[in-house]
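A short worksheet on the structure shown next.
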């Protein structure tokens with residue numbers, strides 16, 4: 001089974017009239033409510049620093065989107081830990097508040113797509129104290145949490161990953177499980193015999209308050225097939241009667257990004273119930289190969305309307321794109337790979 005890409009792709013492209021989104025509009029968080037689709041998309045211009053902000057767009061059909069602001073709706077702080085850039089929102093809602101997890105850096109990333117990015121970054125690493133925290137001295141990517149009620153006014157709640165670990169692809173479950181908040185994440189340094197994985201992988205953690213996370217467990221690793229070595233989460237899991245339907249992205253031996261799918265236990269999401277052995281999406285078109293990171297399909301948002309699953313993804317770190325499938329068909333597909341349950345004799 002493969003996701004069907006929209007013939008309207010890319011559904012959002014860089015807008016040269018707005019300097020802050022003239023180079024890239026990609027990796028959108030998504031939400032659907034009261035007949036309207038919302039995308040909170042990552043946007044950047046051609047400035048040497050390559051500062052990254054969030055823009056907002058809306059649609060009535062999930063395909064044709066209109067920008068809702070000529071300026072960023074959320075951006076890096078003036079002098080906080082996320083002063084360099086913010087990236088890749090994932091959105092859930094608890095009660096009346098929307099919560100978004102996002103990746104950030106203390107310093108702007110510079111033009112990372114250049115051959116020698118250390119030569120074009122907009123800051124001088126020699127000015128950084130090597131004894132400073134790694135999030136500063138190495139400009140590691142951390143992840144933060146923010147909340148909003150209207151996607152125009154945001155409150156930063158703080159860092160939710162350690163300052164000494166490059167930890168991104170942080171994704172909240174849309175509701176508590178066993179009275180705990182649940183989070184997926186991908187810590188780059190948690191690799192090796194000590195951690196049980198040869199490549200960066202998906203971990204799961206739990207919290208009572210959304211800010212303090214513990215009981216971290218290795219959830220899923222790559223390496224079993226050529227199309228997936230490093231893996232990380234995609235969009236927030238979707239609750240179904242059979243379990244939490246969870247998309248994830250992979251980077252294969254060929255360095256191409258693809259999308260996989262697995263099902264987590266409804267009451268114990270640390271348990272993988274089923275995981276498809278084949279990918280459901282891969283880069284094929286110009287908007288996935290011609291950008292700032294070529295060969296990328298990177299889902300960050302999904303919404304369900306009826307039986308239709310809308311998957312919003314970034315193409316080549318430059319465009320916002322859409323793929324669609326039947327939710328029930330995707331669920332049936334992944335259940336073909338369900339792990340057999342051992343017989344219990346009473």
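The values are calculated or read from the model by the stated rules, or taken from the named source; none is laboratory data. Note that the coordinates shown come from a computational prediction; the quantities given were computed from them, not determined experimentally. Glycine gets a Cβ as well: all are built from the backbone with ideal geometry, and neighbour counts include every protein chain shown.
Listed values, structure above:
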{"quantity": "Some residue of segment 43-51 being in a loop (DSSP other than H, G, I, E, B), farther than 19 Å from residue 152 by Cβ, in contact with a helix residue (DSSP H, G or I) (Cβ under 6 Å, 6 or more places away or on another chain) and touching a residue at least 12 places away in the same chain (Cβ under 8 Å)", "calculated": "yes"}
{"quantity": "Residue in segment 164-177 that is nearest to the chain's Cα centre (by Cα), counting only those that are closer than 24 Å to residue 302 by Cβ and outside any strand (DSSP E or B)", "calculated": "173"}
{"quantity": "Residue list for segment 6-31, filter: over 23 Å from residue 103 (Cβ atoms) and out of contact with any helix residue (DSSP H, G or I) (no Cβ under 9 Å at 6 or more places or on another chain)", "calculated": "6, 7, 8, 16, 17"}
{"quantity": "Residue 152 vs. criteria modelled with pLDDT of 95 or more and assigned to a loop (DSSP other than H, G, I, E, B)", "calculated": "yes"}
{"quantity": "Subset tally (residues that are free of Cβ contacts under 8 Å to residues at least 12 places away in the same chain and either assigned to a loop (DSSP other than H, G, I, E, B) or surrounded by 14 or more Cβ atoms within 10 Å (Cβ to Cβ) (or both)) for segment 185-219", "calculated": "4"}
{"quantity": "Matching residues, segment 7-54, being farther than 18 Å from residue 292 by Cα, more than 16 Å from the chain's Cα centre (by Cα) and buried (at least 23 other Cβ atoms within 10 Å of the Cβ)", "calculated": "37"}
{"quantity": "Strands (runs of 3 or more DSSP E) fully within segment 238-325 counting 3 or more residues that are closer than 25 Å to residue 198 by Cβ, within 19 Å of the chain's Cα centre (by Cα) and touching a residue at least 40 places away in the same chain (Cβ under 8 Å)", "calculated": "243-251, 257-264, 297-305"}
{"quantity": "Lone qualifier among 258, 336 - being buried (at least 20 other Cβ atoms within 10 Å of the Cβ) and farther than 25 Å from residue 215 by Cα", "calculated": "258"}
{"quantity": "Failed condition for residue 223, given (1) surrounded by fewer than 18 Cβ atoms within 10 Å (Cβ to Cβ); (2) at pLDDT 95 or above; (3) farther than 19 Å from residue 26 by Cβ", "calculated": "(2)"}
